Amino acid sequence: MNDPGWSAASPATGAATERVQKLRAEWVIALMIGLVHLAVAGRYDIFRNELYFIVCGLHPDFGFVDQPPLVPLLAAATQIFGDNPWLLRLPAVLAAAGLVLLTASFARVLGGNASSAWIAGLAAGIAPALIGLTTTTTTATFEPIGWTAFAYFLSRAVILEERRALLWAGLVAGVAMEAKYGIVFWLVPIGIGVVLTSARRILAWPTLWLGVFLSALVAVPSLIWQAAHGWPFLEVHANHLSTGANFTGTPIRFEIIQCLAMNIFLAPLWIAGLVAPFFWAPLKPARFLAVGLVGATLLVFLAHGKDYYLFPVYPSLFAAGAVVLAKIKPMIRMVWVTAALIVSLLLAPVVLPILDPPTLASYLAWTHLSPPPSEAAAVGAPLTQLFSDELGWRALEKQVAAVYHSLPDAERSRTAIIAVDYGEAAALDVYGRPDGLPPALCGQHQYFLWGIHGYDGSIIIHVNGDPNRWRRGCESVEVVAKFGVPYAMPYENGRPIFICRGLRRNLAEIWSRLKRYE
């Protein structure tokens, strides 16, 4: 009992206790964030893009017109036993909780203590913009954890001299490219940051180039698919630029949106992560991260990207800033953290499906917290674009199914169902299988490449088209219904469903005119 090795005051016991305390804080935060996401994961229905990803995943390929294959395959895998919003969002829940743990660990790699770790993890868990990205399972969902993991492993190599970490960085970069091409906005500037700072010494390490090779090996199948199909992803982005579909705005507007979206009280954290490496010796090895943020901001802005394209960069800066701000007085730190928590709680209903649509509409009207539209498609959203685009899809499918089954058997076998956009088409495909609906046709994105499925256009049920336009090409056009539900997006509300009979030209002849890469 008197053995100093077992004394309560021994260094070994103290170190072990400190390790437990470090783990406890960040794991508790991650658990709480995960439980909140789980509690609301199935509250609304499946988001427009999620429906589209499910359908893409049911057509396995090495790539798709507007995204790589990983997220569609994952989305489809969660729905093998039927449509289930809760299971669909489970990967997003894991990404949200995992980001907390990763950011906390990142702070330690940069020289932080237990306080740095929980501050960084908490920031990653409560930043409204990051919460919003992990509310649904889309290509953007895994960007925060993917970008942060890449920077984390690169930092382990630069700061801790762990050369093997470069292999992990390469693997993460490759997998991230298979989830969303946006990782390029991070890889390029952070690479420039390495070249311009003392981190450039890793350029002489063979493991770096092995990591680059590994990254290319993982990413190349999707790039080959894009090349084989004429780079449709670039065509989509070029059309966005030419039509001004993305509302990037002025540099000042862009930065204000970034500050507000990430929680204005968390701005000192990422600003410290940006500035401190140039003025505080302990963080000097992390200068390449600060250069990466500046470069990523410039790239996203010059590319006229949406506001959320830059959101994944902030956890890395939270980790660096937490190393600095953990040194302020505990009382000041707690007041600051409390203020940040209050702001995030106020914004929680805006980014999480906590409130039902009528209550959320009232809350947004009362608080004036509706986020500004980041693209033309978001204008006029009764709620937020995300939540409004989760409403009405099942009702649409039931209406179309009723029209389809009202047709005589002889007509039904040759009836094509055409939708204007991929959200409508995907809703019909996902929800229409039990009702016996045929595959929907659509000229937008991947649906265009899937073609017309052998239909000639003699009978068409058209969803959300312009009846007057189609009257010029059909022998008869009959508007049979209108679809829409309260709080859905305006262009999905009060819109027509009509039947075109006797298309004067074969559908195959006019299919190219329906192409929409936008």
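Test Ala395 against the criterion of being surrounded by fewer than 17 Cβ atoms within 10 Å (Cβ to Cβ), in contact (Cβ under 8 Å) with a residue 12 or more places away in the chain, farther than 20 Å from Asp429 by Cα and hydrophobic (A, V, I, L, M, F, W, C), and give yes or no. Write out each step before concluding.
Numbers: surrounded by fewer than 17 Cβ atoms within 10 Å (Cβ to Cβ): yes; in contact (Cβ under 8 Å) with a residue 12 or more places away in the chain: yes; farther than 20 Å from Asp429 by Cα: no; hydrophobic (A, V, I, L, M, F, W, C): yes.
Against the criterion (surrounded by fewer than 17 Cβ atoms within 10 Å (Cβ to Cβ), in contact (Cβ under 8 Å) with a residue 12 or more places away in the chain, farther than 20 Å from Asp429 by Cα and hydrophobic (A, V, I, L, M, F, W, C)), Ala395 does not qualify.
Pick from the stretch 482-503 the residues that are open to solvent by 20 Å² or more (accessible area, probe 1.4 Å) and among the hydrophobic types (A, V, I, L, M, F, W, C): which of them is nearest to the chain's Cα centre (by Cα)?
So, considering only residues that are open to solvent by 20 Å² or more (accessible area, probe 1.4 Å) and among the hydrophobic types (A, V, I, L, M, F, W, C), the one nearest to the chain's Cα centre (by Cα) is Val485.
Out of (1) of a type outside the set (A, V, I, L, M); (2) in contact with a Phe, Trp or Tyr (Cβ under 8 Å, 6 or more places away or on another chain); (3) under 23 Å from Gln258 (Cβ atoms), what's the single condition that is false for Pro357?
(3)
Conditions first: (1) in contact (Cβ under 8 Å) with a residue 40 or more places away in the chain; (2) within 23 Å of Pro312 (Cα to Cα); (3) small (Gly, Ala, Ser). Gly191 passes all but one, so which condition is the exception?
With respect to (1) in contact (Cβ under 8 Å) with a residue 40 or more places away in the chain; (2) within 23 Å of Pro312 (Cα to Cα); (3) small (Gly, Ala, Ser), Gly191 is out only on (1).
Could you tell me which residue of the stretch 144-171 is farthest from Ala286 (Cα to Cα), considering only residues that are touching a Phe, Trp or Tyr at 6+ places or on another chain (Cβ under 6 Å) and surrounded by 19 or more Cβ atoms within 10 Å (Cβ to Cβ)? Step through it out loud before you land on a result.
Here is the first cut: in the stretch 144-171, the ones touching a Phe, Trp or Tyr at 6+ places or on another chain (Cβ under 6 Å) are 147, 152-153, 163, 165, 168-169.
With the extra rule that they be surrounded by 19 or more Cβ atoms within 10 Å (Cβ to Cβ), the set shrinks to 147, 152-153, 165, 168-169.
Working: Trp147: 15, Tyr152: 11, Phe153: 12, Ala165: 16, Trp168: 19, Ala169: 16 Å.
Per the stated criteria, the residue is Trp168.
Working only within the stretch 422-434, note down all residues that are open to solvent by 10 Å² or more (accessible area, probe 1.4 Å) and modelled with pLDDT of 95 or more.
Going through the stretch 422-434, the residues open to solvent by 10 Å² or more (accessible area, probe 1.4 Å) turn out to be 422, 429, 431, 433-434.
Those that are open to solvent by 10 Å² or more (accessible area, probe 1.4 Å) and modelled with pLDDT of 95 or more: Tyr422, Asp429, Tyr431.
Cβ-Cβ below 6 Å, separation at least six or inter-chain, first residue in the stretch 33-62 and without any contact (Cβ under 8 Å) to a residue 24 or more places away in the chain, second buried (at least 18 other Cβ atoms within 10 Å of the Cβ) and not aliphatic (A, V, I, L, M): which pairs?
From residues that are without any contact (Cβ under 8 Å) to a residue 24 or more places away in the chain, the pairs are Gly57/Pro72.
Which residues, counting only those in the stretch 208-226, are open to solvent by less than 50 Å² (accessible area, probe 1.4 Å) and either within 15 Å of Asp61 (Cβ to Cβ) or free of Cβ contacts under 8 Å to residues at least 12 places away in the same chain (or both)?
Pro221, Ser222, Trp225, Gln226
Of the residues Lys306, Lys329, which single one is touching a strand residue (DSSP E or B) at 6+ places or on another chain (Cβ under 8 Å), at pLDDT below 95 and open to solvent by 10 Å² or more (accessible area, probe 1.4 Å)?
Working: Lys329 fails: touching a strand residue (DSSP E or B) at 6+ places or on another chain (Cβ under 8 Å).
Testing whether each residue is touching a strand residue (DSSP E or B) at 6+ places or on another chain (Cβ under 8 Å), at pLDDT below 95 and open to solvent by 10 Å² or more (accessible area, probe 1.4 Å) leaves just Lys306.
Go through the stretch 448-472 and report how many residues are of a type in the set (A, V, I, L, M), assigned to a loop (DSSP other than H, G, I, E, B) and open to solvent by 60 Å² or more (accessible area, probe 1.4 Å).
Filtering the stretch 448-472 for residues of a type in the set (A, V, I, L, M) gives 449, 452, 459-461, 463.
Now narrow it down to the ones that are assigned to a loop (DSSP other than H, G, I, E, B): 452.
Filter once more, keeping what is open to solvent by 60 Å² or more (accessible area, probe 1.4 Å): none.
Result for the stretch 448-472: 0.
Kindly evaluate Phe288 against the criterion of being in a helix (DSSP H, G or I), open to solvent by less than 10 Å² (accessible area, probe 1.4 Å) and at pLDDT 95 or above. Don't jump to the end; show me each part of the working.
On the way: in a helix (DSSP H, G or I): yes; open to solvent by less than 10 Å² (accessible area, probe 1.4 Å): yes; at pLDDT 95 or above: yes.
Considered against the rule, which asks whether it is in a helix (DSSP H, G or I), open to solvent by less than 10 Å² (accessible area, probe 1.4 Å) and at pLDDT 95 or above, Phe288 comes out as yes.
Just the residues that are of a type outside the set (A, V, I, L, M, F, W, C) and either buried (at least 19 other Cβ atoms within 10 Å of the Cβ) or in contact with a Lys or Arg (Cβ under 9 Å, 6 or more places away or on another chain) (or both), please, taken from the stretch 334-348.
Ser344, the sole residue that qualifies.
When you look at Val379, is it modelled with pLDDT under 95 and either of a type in the set (Ser, Thr, Tyr) or under 21 Å from the mean Cα position of the chain (by Cα) (or both), yes or no?
Details: modelled with pLDDT under 95: yes; either of a type in the set (Ser, Thr, Tyr) or under 21 Å from the mean Cα position of the chain (by Cα) (or both): yes.
So Val379 fits the description; yes.
I'm checking my understanding of the structure. Among residues of the stretch 4-39 that are open to solvent by less than 20 Å² (accessible area, probe 1.4 Å) and modelled with pLDDT of 50 or more, which one is nearest to Thr139 (Cα to Cα)? Please lay out each step first, then the result.
Of the stretch 4-39, the ones open to solvent by less than 20 Å² (accessible area, probe 1.4 Å) are 10, 26, 30, 34, 37.
If we keep only those that are modelled with pLDDT of 50 or more too, we end up with 26, 30, 34, 37.
On the way: Glu26: 26, Ala30: 22, Gly34: 19, His37: 18 Å.
Result: His37.
For the structure I just gave you, tell me whether Ile510 is among the β-branched types (Val, Ile, Thr) and crowded, with 21+ Cβ neighbours inside 10 Å. Give the steps one after another, and end with the answer.
Working: among the β-branched types (Val, Ile, Thr): yes; crowded, with 21+ Cβ neighbours inside 10 Å: no.
Against the criterion (among the β-branched types (Val, Ile, Thr) and crowded, with 21+ Cβ neighbours inside 10 Å), Ile510 does not qualify.
Please go through the stretch 174-184 and give me each residue that is farther than 20 Å from Trp209 by Cα and either open to solvent by 30 Å² or more (accessible area, probe 1.4 Å) or of a type in the set (Phe, Trp, Tyr) (or both), ordered by number. Lay out the reasoning, then the answer.
Initially, the stretch 174-184 is screened for residues farther than 20 Å from Trp209 by Cα, giving 179-182.
Scanning the stretch 174-184 gives Lys180, Tyr181.
Provide a single number: the residues in the stretch 496-516 that are modelled with pLDDT under 95 and within 22 Å of Val379 (Cα to Cα).
The total comes to 1.
Restricting attention to the stretch 300-309, report how many residues are part of a helix (DSSP H, G or I), within 20 Å of the chain's Cα centre (by Cα) and not β-branched (Val, Ile, Thr).
Residues of the stretch 300-309 part of a helix (DSSP H, G or I): 300-302, 307-309.
When the remaining residues are screened for being within 20 Å of the chain's Cα centre (by Cα), the result is 300-301, 307-309.
Pick out the ones that are also not β-branched (Val, Ile, Thr) and you get 301, 307-309.
Residues that pass the stated criteria total 4.
Would you tally the residues in the stretch 63-77 being in contact (Cβ under 8 Å) with a residue 40 or more places away in the chain, open to solvent by 10 Å² or more (accessible area, probe 1.4 Å) and in a helix (DSSP H, G or I)?
2
Going by the conditions given, is Asp356 open to solvent by less than 30 Å² (accessible area, probe 1.4 Å) and acidic (Asp, Glu)? Step through it out loud before you land on a result.
On the way: open to solvent by less than 30 Å² (accessible area, probe 1.4 Å): no; acidic (Asp, Glu): yes.
Against the criterion (open to solvent by less than 30 Å² (accessible area, probe 1.4 Å) and acidic (Asp, Glu)), Asp356 does not qualify.
Look at Ile80 and say whether it is touching a Pro at 6+ places or on another chain (Cβ under 7 Å) and either surrounded by fewer than 15 Cβ atoms within 10 Å (Cβ to Cβ) or modelled with pLDDT of 95 or more (or both). Step through it out loud before you land on a result.
Values: touching a Pro at 6+ places or on another chain (Cβ under 7 Å): no; either surrounded by fewer than 15 Cβ atoms within 10 Å (Cβ to Cβ) or modelled with pLDDT of 95 or more (or both): yes.
The answer is no for Ile80.
The values are calculated or read from the model by the stated rules, or taken from the named source; none is laboratory data. Everything quoted here is computed from the prediction, not taken from an experiment. Ideal geometry is used to build each Cβ from the backbone, glycine not excepted, and the neighbour counts take in all protein chains shown. These area figures cover heavy atoms from the full protein model, side chains too; ligands, DNA and RNA do not enter into them. Shrake-Rupley method; radii C 1.70, N 1.55, O 1.52, S 1.80 Å.
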